[in-house]
Amino acid sequence: MLCIFSKHLPKLNYDELGKTSHDIGFDGVDLTVRPKGHVLPERAAEDMPRAVDAIRARNVSVPMITTELLSASGAAARPTLSTAARLKIPYWKIGYFKYKLDSIEKTLAGVKEATAGLAALSREYGVQAGFHNHSGETVGSPVWDIRGIIADLDPKAIGYYFDPAHATIEGGLGGWKISQNLVLKRLNMVAMKDFYWAKGPNGKWQPKWCPMGEGMVDWPKVFETFAAAGYTGPMSLHVEYNPSDEIAAIAKDLEFVKKQIAKAYPA
């Protein structure tokens, strides 16, 4: 199921978000339920139903939401997940934890405890969390750290939200392949974006986001691997490169993705 990450259409109201997503050719919307998102977390119970109803009225689904939840005891946790469950939204993305570089093991222990609480809440409401592998000093940038965090948790409550681009940033030669194969049995969601390495103004190498297919991600192999594993869950398109015409850029990237899927997946 191909979704647009609603972060990239921030000025659209709920009806416009549904209509635009439908007109471009998406099956679904990855709805932001977080500060500065389409739904503010403190308004989740009131506004998420409004957003979802408007989007679904345009024949577009909402299979996942993106949150910044980091604790089951947070004020927005229960209202967000209970509302998602009531609306039959099956998947949600948790927020980001940061490594404390002087105490990696302690950081991982704390994140494991917090994640267990979030997984328990997911299980209570019958939804599934996804732990995203974001590059940099974010917990889970090495995907095997995520494995250690969620391995003992209920697979029906939490799995992986796999990002091939961030996996390639962290493991450009072979690490991304290991990461992708590691997540397949518990894969809930996929993020799609592309990048290449470039020198920044300070002369240091850094990832530069670009249109799909113009960067370093080996998309034919990525989709071939997903297809071989039988993955048919949500794939959320991200456009992080600030195009002058965002709608046109989104449409072009979606066309690229559809061509890759047509090649990789059986008819």
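The values are calculated or read from the model by the stated rules, or taken from the named source; none is laboratory data. Given the structure is predicted, the values throughout are model-derived calculations rather than measurements. Using ideal geometry, Cβ is built from the backbone for each residue, glycine included, and neighbour counts are taken over all protein chains shown. These area figures cover heavy atoms from the full protein model, side chains too; ligands, DNA and RNA do not enter into them. Shrake-Rupley method; radii C 1.70, N 1.55, O 1.52, S 1.80 Å.
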Go through (1) among the acidic types (Asp, Glu); (2) assigned to a loop (DSSP other than H, G, I, E, B); (3) surrounded by 14 or more Cβ atoms within 10 Å (Cβ to Cβ) one by one and return the number of the condition Asp145 breaks. (2)
Would you call Ser179 free of Cβ contacts under 8 Å to residues at least 60 places away in the same chain, touching a Gly at 6+ places or on another chain (Cβ under 7 Å), among the hydroxyl-bearing types (Ser, Thr, Tyr) and open to solvent by less than 10 Å² (accessible area, probe 1.4 Å)? yes
With respect to Ser103, determine if the residue is surrounded by fewer than 16 Cβ atoms within 10 Å (Cβ to Cβ) and not acidic (Asp, Glu). yes
Pro234 on the phi < 0 side of the Ramachandran plot, in contact with a Pro (Cβ under 6 Å, 6 or more places away or on another chain) and at pLDDT 95 or above: yes
How about region 92-141: which of its residues are hydrophobic (A, V, I, L, M, F, W, C), more than 23 Å from Trp176 (Cβ to Cβ) and not in a loop (DSSP other than H, G, I, E, B)? Trp92, Ala109, Ala114, Ala116, Leu118, Ala119, Ala120, Leu121
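Conditions (1) farther than 18 Å from Phe131 by Cα; (2) of a type in the set (A, V, I, L, M, F, W, C); (3) open to solvent by 10 Å² or more (accessible area, probe 1.4 Å), marked per residue:
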residue	(1), (2), (3)
Gly18	yes, no, no
Asp23	yes, no, yes
Arg50	yes, no, yes
Glu68	no, no, yes
Ala72	no, yes, yes
Arg86	yes, no, yes
Trp92	no, yes, no
Gly95	no, no, no
Lys98	no, no, yes
In region 217-267, what residues are of a type in the set (D, E, K, R), farther than 24 Å from Gly130 by Cα and open to solvent by 80 Å² or more (accessible area, probe 1.4 Å)? Asp245, Lys252, Glu255, Lys259, Lys263
Matching residues in region 231-267 - criterion: being in a helix (DSSP H, G or I) and charged (D, E, K, R): Glu246, Lys252, Asp253, Glu255, Lys258, Lys259, Lys263
